[in-house]
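The block underneath contains the structure these notes are about, expressed in structure tokens.
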Amino acid sequence: MMRALIIPLIVLSASALTLLAYVVLNSRHKKSSTEPLCFVGRVATVEKDLRPEGFILLDGELWPARARGGEVIVRGSANVRVVGARGHLLEVEPLG
């Protein structure tokens with residue numbers, strides 16, 4: 001009687017753990033693409049001060065960014081324009 005319950009329980013548990021491992025591994029992927037970023041010329045807002053690195057908000061998504069020339073750009077002080085990219089790090093300069 002017990003064997004009839006233990007074997008299906010083991011199979012069910014193994015299946016659940018396999019599914020959980022699959023979900024965890026897929027959720028940990030970073031942004032990746034073989035396409036080049038086409039953000040040059042786009043305007044974004046500073047979300048975390050650029051000293052010279054921080055984060056900007058572009059199309060509702062946070063991106064790591066670096067201020068060109070090493071200047072400090074404080075959040076809320078000005079919008080920035082994307083002028084280049086190195087991998088997923090965007091290079092920006094203040095507007096105006």
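The values are calculated or read from the model by the stated rules, or taken from the named source; none is laboratory data. Just so it is clear, the model here is predicted, and its values are computed rather than measured. A quick note on method: Cβ atoms are made from the backbone with ideal geometry, for glycine too, and the neighbour counts reach across all protein chains shown.
Kindly indicate the residue of region 49-74 that is among the charged types (D, E, K, R) and surrounded by 15 or more Cβ atoms within 10 Å (Cβ to Cβ) and also modelled with the highest pLDDT among those meeting that condition.
If we take residues in region 49-74 being among the charged types (D, E, K, R) and surrounded by 15 or more Cβ atoms within 10 Å (Cβ to Cβ), then ARG66 is modelled with the highest pLDDT.
For the subset of region 75-88 comprising residues that are charged (D, E, K, R) and surrounded by 11 or more Cβ atoms within 10 Å (Cβ to Cβ), which member is modelled with the highest pLDDT? Full working, then the answer.
Narrowing region 75-88 to residues charged (D, E, K, R): 75, 81, 86.
Of the ones still in play, those that are also surrounded by 11 or more Cβ atoms within 10 Å (Cβ to Cβ) are 75, 81.
Working: ARG75: 89, ARG81: 96.
Across region 75-88, the extreme among qualifying residues is ARG81.
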